[in-house]
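Student: Sending over a structure as structure tokens; questions will come in a sec.
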Amino acid sequence: MSILALATILLWIAVFYELNKPSEKQKERKIVVLIILGSLSTSVITIYHIQRLFV
């Protein structure tokens, strides 16, 4: 799980850096893909921790 958490952090950092570029240098497809992957991995981590609370 810690590898997934590290990957999630790196994904969100990549989103942050891509969004901080000037608008003419931003790649919309890259931003969308990074946000989708970051959201999915964040959801997996959240569900994992919620399940651990109730077991």
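The values are calculated or read from the model by the stated rules, or taken from the named source; none is laboratory data. It should be emphasised that the depicted structure is a prediction, and the values quoted were computed from it without experimental measurement. Cβ placement follows ideal geometry from the backbone for every residue including glycine, while neighbour counts extend to all protein chains displayed. We work out accessible area using only protein heavy atoms, side chains counted, and drop any ligands, DNA or RNA first. Shrake-Rupley method; radii C 1.70, N 1.55, O 1.52, S 1.80 Å.
Student: Accessible area, 1.4 Å probe, largest first: how do 25, 30 sort?
Tutor: 25, 30
Student: Then there's this: Read through the labelled values (1) 20, 15, 9; (2) 28, 10, 7; (3) 25, 16, 7 and report the label of the one computed as semi-axes √(5λ) of the Cα gyration tensor in Å from the structure.
Tutor: Read-out from the structure maps to (2).
Student: Here's something else I'd like to know. Grab the other residues whose beta carbon is less than 14 angstrom from that of residue 28, score K and R as +1, D and E as -1, and report the net.
Tutor: So the surrounding residues net to +3.
Student: Report, in degrees rounded to the nearest 10, the 0 to 90 angle that the Cα long axis of helix 2-19 makes with the longest principal axis of the chain.
Tutor: Once rounded, one gets 20 degrees.
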